[in-house]
Amino acid sequence: MAADGETNSETGKLEFSLDVPFPSSTEAIVALRSLSPDQEPRRGGISKQLSVSGSTLSVRWSADEARILRVSVNSFLDHLSLVIDTMEMFGPPVAP
């Protein structure tokens, strides 16, 4: 897993990115679909974008405040842990 955080000098927003490698692109897509429906409860102050490239799930956050960013990242990591545990319990996804 790779993470990177910084402040965008143009917008002044805090930015954080996380890349999560999976054993296969199918598992990365399952994780993306499982985690995408969760919208941020607060309308302003933060945005989150998820994408898959190959077998890597990438997440990018942009926030006005460090506290909001921290809460969002922690919540996402909790959900990601649940998704990974579930995939490990039931085995890799089977292609139709």
Item to check | Derived scalar couplings ³J(HN,Hα) [segment 66-78; Karplus, 6.51 cos²θ - 1.76 cosθ + 1.60; whole Hz; x for Gly, Pro] | outcome: 4, 4, 5, 4, 4, 5, 5, 5, 4, 4, 4, 5, 4
Next on the checklist: Taking θ = phi - 60°, what integer Hz values does the Karplus form 6.51 cos²θ - 1.76 cosθ + 1.60 yield along segment 11-24, in sequence order, with x for Gly and Pro?
Outcome noted: 9, x, 7, 7, 10, 9, 10, 9, 10, 10, x, 10, x, 8
Checklist outcome for this item: Burial-style ranking of 56-64, 76-84, average other-beta-carbon count within 10 Å with highest first, yields 56-64, 76-84
Checklist outcome for this item: Between Lys13 and residues 5 or more places away or on another chain, the pairs with built amide H atoms under 5 Å apart involve Asn8
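Every number here is computed from the coordinates shown, using simple stated rules; none is lab data. Remember, predicted model here, so these are calculated numbers, not experimental data. Cβ atoms come from the backbone with ideal geometry, glycine included; neighbour counts cover every protein chain shown.
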